[in-house]
Every structure is written in structure tokens, then in C-alpha cells.
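To start, the structure under review is shown below, and the notes come after it.
The values are calculated or read from the model by the stated rules, or taken from the named source; none is laboratory data. Being a predicted model, the structure only gives us computed values, none of them experimental. Quick reminder, even Gly has a Cβ in these numbers, built from the backbone with ideal geometry, and neighbours come from all protein chains shown. Heavy atoms of the whole protein, side chains included, go into the accessibility calculation; ligands, DNA and RNA do not. Shrake-Rupley method; radii C 1.70, N 1.55, O 1.52, S 1.80 Å.
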Amino acid sequence: QVQLVESGGGLVQPGGSLRLSCAASGSIVSIYVRGWYRQAPGKQREFVASLSSDGHTNYADSVKGRFTISRDNAKNTVLLQMNSLKPEDTAVYYCHDFGVGRWGQGTQVTVSS
């Protein structure tokens with residue numbers, strides 16, 4: 001089975017940047033779609049971005065132009081570079097493997113002055 005471990009969350013001021021990492025281990029396959037969801041307090045979990053093994057990316061409208069998803073194949077890691085962060089980006093961010101339906105444990109991102 002695939003295990004996903006997120007890191008890189010934290011507290012940042014509005015307009016700042018953070019980079020999240022999702023490291024995959026276990027039964028790694030060469031063909032995959034992985035991405036990020038987020039869940040703010042009192043709200044449903046929502047899609048943020050995804051990346052397929054052939055390089056296709058997809059973003060939620062709310063993060064287009066600010067967030068960039070990429071990968072480090074050597075480390076089996078998917079990255080989410082988040083720039084121009086806003087208070088409404090505050091949430092727990094979860095890594096997700098769409099193929100096997102696995103989730104990471106989540107990492108908190110707080111955007112506040």
C-alpha cells in the first residue's frame with residue numbers, strides 16, 4: 001500500500017509563501033495522479049491541485065496563478081508551492097493519491113498577520 005506523509009505547513013503572513021511536500025512510500029507505481037485538497041474549519045474538503053505522472057496539472061480556480069504543483073521523482077515527492085497567500089487559504093492541507101484513494105495525515109497552513 002501507498003503511504004503519504006505531508007510536511008511544510010506553518011504560519012505565514014498574508015502575501016507570503018509556503019511549500020508543502022508529500023512523500024510517498026510503499027507500493028509505488030510509475031503511473032499515478034496525486035494532488036492536494038484542503039479543509040477549513042466548518043467547511044467541506046475541497047480540491048486544490050493535481051498532477052499526473054505524464055505531467056498534466058489541474059488547479060482550483062481559487063489558487064490558479066498563485067499555487068504550483070510539481071514533483072521530485074527521485075524522492076517520490078509531490079510539491080505544492082503556494083505564493084501570495086491569503087487568509088482564506090488557511091486550512092488543513094491533505095495529500096491524496098487518486099489511484100488508490102489514500103490520504104495523508106494533513107498539515108496545517110495558517111495565513112494571518
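Here are the numbers for this structure:
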item	result
Whole-Hz couplings from phi, Karplus 6.51/-1.76/1.60, listed for the stretch 79-89; x for Gly and Pro	10, 10, 8, 10, 10, 6, 5, 10, x, 6, 7
FRET E, pair A23, S113, Förster distance 22 Å, beta-carbon r, rounded to 0.05	0.10
P(r) tail fraction, the chain - alpha-carbon pairs more than 17 Å apart, %	49
Alpha-carbon radius of gyration plus Dmax, which is the widest Cα pair, for the stretch 1-54 in Å	13.6, 38
Linear extension gain, Q105 paired with S62, 0.36 nm per residue minus alpha-carbon span	13.2 nm
Solvent-accessible heavy-atom area per residue, rounded to whole Å², over the stretch 3-93 at 1.4 Å	53
Under 27 Å from the Cα of K43 - lysines, other chains or at least 8 residues apart	K64, K86
Inter-label distance for F98 and S53, nm, one decimal - labels placed 7 Å from Cα along Cα-to-Cβ	1.4
Stretch gain in nm, segment S7-E88, where the contour uses 0.36 nm per residue and the Cα spacing is subtracted	27.2 nm
Sequence-distant residues sharing a close amide H with V100 (under 5 Å, placed H)	none
5 angstrom amide H check on G10, placed H, neighbours 5+ away	V109, T110
